1. Hey, what number do you get for the protein assembly as shown at 222 nm if only DSSP H runs of n ≥ 4 count, each worth -39500 (n - 2.57), divided across all residues, to the nearest 500?
2. List B:MET153, A:MET153 from most exposed to least, where exposure is judged by having the fewest other Cβ atoms within 10 Å.
3. Using the eigenvalues of the Cα gyration tensor, what equivalent ellipsoid semi-axes result for the range B:192-249 when each is taken as the square root of five times the eigenvalue, whole Å, largest first?
4. Enumerate lysine pairs in the range B:247-374 that are 8 or more residues apart or on different chains, then count those whose Cα atoms are under 24 Å apart.
5. Can you give the Rg to Rh ratio for chain B, taking only C-alpha atoms and Rh from Kirkwood?
6. To two decimal places, what compactness ratio does the range B:60-150 give when its Cα radius of gyration is scaled by 2.2 N^0.38 Å?
7. Under the Kirkwood approximation applied to all pairs of distinct alpha-carbon atoms, what is the hydrodynamic radius of the range B:343-386 in Å?
8. In degrees, nearest 10, range 0 to 90: what is the angle between the Cα axis of helix B:201-223 and the longest Cα principal axis of chain B?
Amino acid sequence: MTGPGDRERDDAELGAQAPSHGFRKGAFGVTGSGDTSGFGGLVRVEPGGAVALHSTDRPYGGYFDEVTDALIEAVGQATYDAAVQRVLVDRGEITYFVGREHLLALVQALRDDEALRFELCSSVSGVDYLDSGGPAVTPGRPRLHVVYHLTSMTYRRRIRLEVAITAEDPHVPSVTGFYPTADWHERETFDMFGIVFDGHPALTRILMPDDWDGHPQRKDYPLGGVPVEYHDATIPPPDTRRSYR
Amino acid sequence: MTTTSDPYAGSRETTEGRVYTVTGGDWDVTLGADQHGEERLVVNMGPQHPSTHGVLRLVLDLEGETVTKARVVIGYLHTGIEKNTEYRTWVQGTTFVTRMDYLAPLFNEAGYCLAVEKLLGIEAPQRAQTIRVLVMELNRIASHLVALATFGMEMGALTGMTNGFREREMILDLLEEITGLRMNHAYIRPGGLAQDLPEGSVEHIREFLRIMPGRVADFHRLLTGQPIWQARLKDAGYLDVTGCVALGVTGPILRAAGLPWDLRKVEPYLGYETYDFEVPTADTCDAWGRYLVRMAEVNESLKLIEQALERLEPGPVMVEDKKIAWPAQLSLGADGMGNSLEHVKHIMGQSMEALIHHFKLVTEGFRVPAGQVYVPIESPRGELGYHVVSDGSTRPWRVHVRDPSFVNLQATAAMSEGGMIADVIAAIASIDPVMGGVDR
């Protein structure tokens, strides 16, 4: 991507205290490649970033209001307000951004309450939001997200819970006590992102070899790969190729 | 010490005790030399094994024939597909994702493309949706045939394997005609399909629909009434509805436990709500029920293909929006398949905009608005879910695939512990995991 020299020039030119994340420099994502098109000087503001920091106001529409009301009734308004940091309804799906201290209380209510009945935990996975979020990115912010997709077979509903943690303290309580299916999902999330699920019966690597170092699906972990040699040319691995972004 | 001259035979001391390499005909040496006199044996099956459905490693604690503990070790086929999609454009994601569950590749593609289309806020044209249903149901039959064929082989009914694969060849021929490849087609693209059905393929599909019911009946005659087959499968790999839902198991296993949970009926996509088909269930919760459910699903898929053929109307197979639609058309020329000359003439001679669109879409790709979606579809093995996150750029930020085989394989321990070692094979075969999907 951009080299250190370019980054300094970026900040100096723009006079910004904002970090270079949030600004995309150049049209082709690579410098020093003999790009004579002139597009190397292009500076674009990154779109809002993957972490949409806004939230949706009530009413949410569809069954989302019913679910939210039932959840508030099950855990109590105080716990709900403490637990749920914001709610986002986008593209027909609802996401509750939850703090990790209250995750298990919410999960228990979601699974057991008669009006909620989210019996099936479809998926537990991680997302690394390093360098995303536009110019509002601050260092030390919670970049690792654990995403829970819950399905209610009784009511045919789906919701998503999202817990954000920092890489310095990547601990989240495990939901295997409520959803045994989360066993392998959490192992995979630990393996790929380094998120430690407290209370998991056997948190070990599942896809990578057991003694592997590092967490491959974090954004600061390289893709890997070797250059492929052809008769006249060499194709570099995908993360170091010139890319048209 | 053994009396053979085999350099690999014999035993050695390790930190966990004495490890024996059993080469055959030496049980007396192995068990006789066991100083502790325990009945407990730890047996390692795989990852290289003809009956573990791919590169799957099972570590079984045995007390005689009974399995006291079954541990499943996976990850031998992990190729980093999810991470790779973050370095490619959205359209290139199809070619990666199709290689996960390699026996049902069109389902992988369809789930991914439905997720991308949901993020884009577009819908593929009607003809594209109908053809997607058509090829997906063909693929469902092919996948179930592999499941049934390998099920037969692993139980020892080898003719079941040859029969199942013979029918699958017919389907692979059809898919080769339609998509150009027998497997991993990269046919379903965001916005529609790579290309339309070629001339003559509809007749060939009808031909297949004429032949197939007889073949399914033959398969029934071969296995279903066979007493050994029934004895091997009944009560093997038992898992009831509570166990299934707790372990997140979906698909034929859940339906064999009695719950008619099929995402094509519960959360229809691609117009499935307008098709007339049943969801077969069984109430035996064991490998026998799963066998019956898969056989019945093959028949339901044949009905769906028939209906899809009826409703094929002429029309576009790619979305209209030129900023998203894959620009190139392929056609068969004198030297094989390549860019259609019509298309080349159009972009080089007739339309500057078309040339620019072609260039920008192939090099950069289209931009997808920021956000995340979770789109589940019903693959032959269960709920195949795609959690796709976009940051507004031309590349995915994160693609996580909730693969049904990955989740279903967790149930192995619950199904096998307490049973006999031969039933472990039956249980895993009835789960029908595809290691490409398990490991990604």
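1. That calculation yields -11000 deg cm²/dmol at 222 nm.
2. On the way: B:MET153 19, A:MET153 16.
By the 10 Å Cβ count, ascending: A:MET153, B:MET153.
3. Working: eigenvalues 268, 113, 8 Å².
In descending order, the three semi-axes are 37, 24, 6 Å.
4. Values: B:LYS265/B:LYS303; B:LYS322/B:LYS345; B:LYS322/B:LYS360; B:LYS323/B:LYS345; B:LYS323/B:LYS360; B:LYS345/B:LYS360.
Value for the range B:247-374: 6.
5. On the way: Rg = 24.4 Å, Rh = 23.6 Å.
That ratio equals 1.03.
6. Numbers: Rg = 18.3 Å, N = 91, 2.2 N^0.38 = 12.2 Å.
Taking N as the residue count of the range B:60-150, the ratio is 1.50.
7. Values: mean 1/r = 0.0734 Å⁻¹.
About 13.6 Å, per the Kirkwood formula over Cα pairs.
8. Tilt relative to chain B: about 10 degrees.
Read-outs: derived from the displayed coordinates by stated rules, not from any lab. These numbers were taken from a predicted model, which means no experiment stands behind them. Glycine gets a Cβ as well: all are built from the backbone with ideal geometry, and neighbour counts include every protein chain shown.
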